[in-house]
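Inspection log for the structure reproduced underneath, given as structure tokens.
The values are calculated or read from the model by the stated rules, or taken from the named source; none is laboratory data. Predicted model only: the values in this text are computed from it and were never measured. Heads up, the Cβs are rebuilt from the backbone with ideal geometry, glycines too, and the neighbour counts pull from every protein chain shown.
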Amino acid sequence: MAAIKRLSGKSLLIIELSILLVFFVAASAVCVNMFTKASEKAENANVLNEAVVETTTIAETLKACNGDLTKTGKHIAATSDYELGEGTLTIYYDDDMNPIAKGNSTYTATITQEKDGKLFIYAIDIKANDARKPVYHLDFQAIKRGGKVK
């Protein structure tokens, strides 16, 4: 009969420590992955929050300016670039959603305006310059108030 060799106490300890080490390395990798994803989600939530605030500011400014896109552009982007087109206003923003020159922008707000009888119909999109899908989109309507509307 062949003799069965027993492991010494030191050998068992080394095996147990090796198993524990593998477990802790795997757990650490999972934790690092979770923290990375949480950080990305927090950054996305921060961008979304700032986009919502800026979109609301644009909407309120449009209403206060009686739908005048030129006045709205001057109020929002007083010290930076904005582009005015036929029924559109484009404002450029940096990483912190502060109006900035076009060439240095990270985000773009595009405001489109349509007229329907006594209503202005607006669509506001804020998107990253390298993205197709907007970070935030808002549609709203406002009643034309007195004065001449172009």
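Key figures
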| item | result |
| --- | --- |
| Where a residue in segment 127-148 is among the β-branched types (Val, Ile, Thr) and its partner, wherever it lies, is at pLDDT 90 or above and surrounded by 10 or more Cβ atoms within 10 Å (Cβ to Cβ), with Cβ under 8 Å and at least six apart | VAL135/VAL47; VAL135/LEU48; VAL135/ALA51; VAL135/TYR107; VAL135/ILE126; VAL135/LYS127; VAL135/ALA128 |
| Subset of segment 117-132 [of a type in the set (A, V, I, L, M, F, W, C) and either in a strand (DSSP E or B) or surrounded by 13 or more Cβ atoms within 10 Å (Cβ to Cβ) (or both)] | LEU119, PHE120, ILE121, ALA123, ILE124, ILE126, ALA128 |
| Unique match (being over 21 Å from the mean Cα position of the chain (by Cα), surrounded by 10 or more Cβ atoms within 10 Å (Cβ to Cβ) and polar (S, T, N, Q)) among THR108, THR72, THR112, THR55 | THR72 |
| Residue in segment 46-69 that is part of a loop (DSSP other than H, G, I, E, B), modelled with pLDDT under 95 and either in contact with a Pro (Cβ under 6 Å, 6 or more places away or on another chain) or among the β-branched types (Val, Ile, Thr) (or both) present | no |
| Segment 116-126, residues that are without any contact (Cβ under 8 Å) to a residue 40 or more places away in the chain and out of contact with any Ser or Thr (no Cβ under 6 Å at 6 or more places or on another chain) | ASP116, GLY117, LYS118, LEU119, ILE121 |
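Quick grid of which residues meet (1) out of contact with any helix residue (DSSP H, G or I) (no Cβ under 6 Å at 6 or more places or on another chain); (2) assigned to a helix (DSSP H, G or I):
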residue	(1), (2)
LYS71	yes, yes
HIS75	no, yes
GLU83	yes, no
ILE91	no, no
MET97	no, no
ALA109	yes, no
LYS115	yes, no
